[in-house]
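Okay, structure first, notes after.
The values are calculated or read from the model by the stated rules, or taken from the named source; none is laboratory data. What you see is a predicted model; the values in this text were computed from it and never measured. So basically every Cβ, Gly included, is an ideal-geometry build from the backbone, and we count neighbours across all protein chains shown. Keep in mind that these areas ignore ligands, DNA and RNA; they rest on the heavy atoms of the full protein, side chains included. Shrake-Rupley method; radii C 1.70, N 1.55, O 1.52, S 1.80 Å.
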Amino acid sequence: MEQHQIAVVTGGNKGLGLETCRQLRDLGMHVILTAREPAKAKKAAGMLDGTGASVSWAVLDVTDAASISGFAGQIKNTWGRIDVLVNNAGIAINSRLDEASARATVDTNFFGPLRVTDALVPSMHSGSRIVMVSSAMGQLSCLSGELRKQVESPTLTREQLINLMQDFVRSVGDNTAARKGWSSSSYSVSKAGLNMLTRVLSKELAPRGIVVNAVHPGWVRTDMGGPSAPLDTTTGARSIVWAAVVSGQDTTGGFFHDGKTIPW
Ligand SMILES: NC(=O)c1ccc[n+]([C@@H]2O[C@H](COP(=O)([O-])OP(=O)(O)OC[C@H]3O[C@@H](n4cnc5c(N)ncnc54)[C@H](OP(=O)(O)O)[C@@H]3O)[C@@H](O)[C@H]2O)c1
């Protein structure tokens, strides 16, 4: 019997996450739609597959270590493996830049994908794909001076990157962020960090044959993107799904939009 590929999507209850689940299901994968609230996860999965034959749901809050380890255990015991992980969950806080909003944004958009990936990598195998749903707002032009050089260094390590992200949050707190070269948008900084994390993880996981890429879905009409965005979720999710099916070490560690490389 043909075995379905297993795909996990974070923040799958609405917007780009939900549409990504739909498109992966249409490709014949078994999709595990995750959301931080059980009722939302169940409702969204029910919209895609009432029978549970091709879509399951699970609770996963990417900021909660216990939730992540519980989910990783569920994957190991119930499914045994993951072929695709889409780190889609994200937030954009529309408020004045302050330490609390910077911390929350970096925690969800940068540390969330890092925690989830670290917890799920043991269930992956050669040929598994990880997709980081990032944004063109995280392109490195949002940083300046010496800081930009540090962030974009091809030899940047996981530890150095984590320290830089923590430094951003502290610098917002003591009002030194702008002087150091950080963007005034926490969202941009979190996605720039996510992009560099993609590079770091792609190198770490290359020996195991696991592919890691970041994508910009475009400006998409969702709760986050707002009603004026030019793209619908069907179009935006195509960029994500492209990276979820791409294979081979020549396509790992990149930043893509619509299947084409874009600058970091
Ligand atoms: N829309 C755009 O124009 C655009 C452009 C570039 C990149 N992106 C990126 O695309 C991704 C999806 O965005 P979207 O536009 O679809 O936004 P959205 O409609 O606001 O959906 C965001 C999703 O993330 C979930 N989420 C937030 N915090 C979470 C947490 N701690 N744990 C688990 N799930 C969490 C939300 O869950 P709740 O429903 O519980 O809040 C929701 O399911 C994000 O990473 C975003 O940065 C979007």
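Some values worked out for this structure:
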{"item": "Surface/4 estimate of mean projected area, convex hull on alpha-carbon atoms of segment 97-209, nm²", "result": "6.7 nm²"}
{"item": "Inter-centroid distance (Cα atoms) of segment 165-179 relative to segment 14-30, Å", "result": "37 Å"}
{"item": "Computed helical MRE - 222 nm, the chain, DSSP H runs ≥ 4 contributing -39500 (n - 2.57), nearest 500", "result": "-13000 deg cm²/dmol"}
{"item": "Amide H contacts under 5 Å for residue 256, placed H, 5+ residues apart", "result": "214, 215, 216, 262"}
{"item": "Segment 18-155, accessible area per residue, ligands and nucleic acids excluded (1.4 Å, Å²)", "result": "44 Å²"}
{"item": "Whichever aspartates and glutamates have a C-alpha closer than 13 Å to that of residue 203, once near sequence neighbours (fewer than 8 apart) are set aside", "result": "250"}
{"item": "Charge dipole magnitude, Cβ of K and R +1, D and E -1 - segment 1-74, Cα centre, debye nearest 20", "result": "200 debye"}
{"item": "Whole-Hz ³J(HN,Hα) from phi, Karplus 6.51 cos²θ - 1.76 cosθ + 1.60, for segment 190-205, glycine and proline x", "result": "5, 7, 4, x, 5, 5, 5, 5, 4, 5, 4, 5, 4, 6, 4, 9"}
{"item": "Heavy-atom accessible surface of the chain: percent carbon and sulfur, 1.4 Å", "result": "52 percent"}
{"item": "Förster-model FRET efficiency, 35 Å R0, residue 152 and residue 39, C-beta, rounded to 0.05", "result": "0.25"}
{"item": "Selection of trypsin sites (Lys or Arg not before Pro), segment 77-152, meeting DSSP coil and at most 15 other Cβ within 10 Å", "result": "81, 96"}
{"item": "The chain: relative contact order in percent, alpha carbon pairs under 8 Å with at least 6 residues between", "result": "19 percent"}
{"item": "Total charge dipole magnitude, the chain, about the Cα centre, Cβ charges on Lys, Arg, Asp, Glu only, Debye to nearest 20", "result": "80 debye"}
{"item": "Fraction of alpha-carbon pairs over 36 Å apart in the chain - percent", "result": "9 percent"}
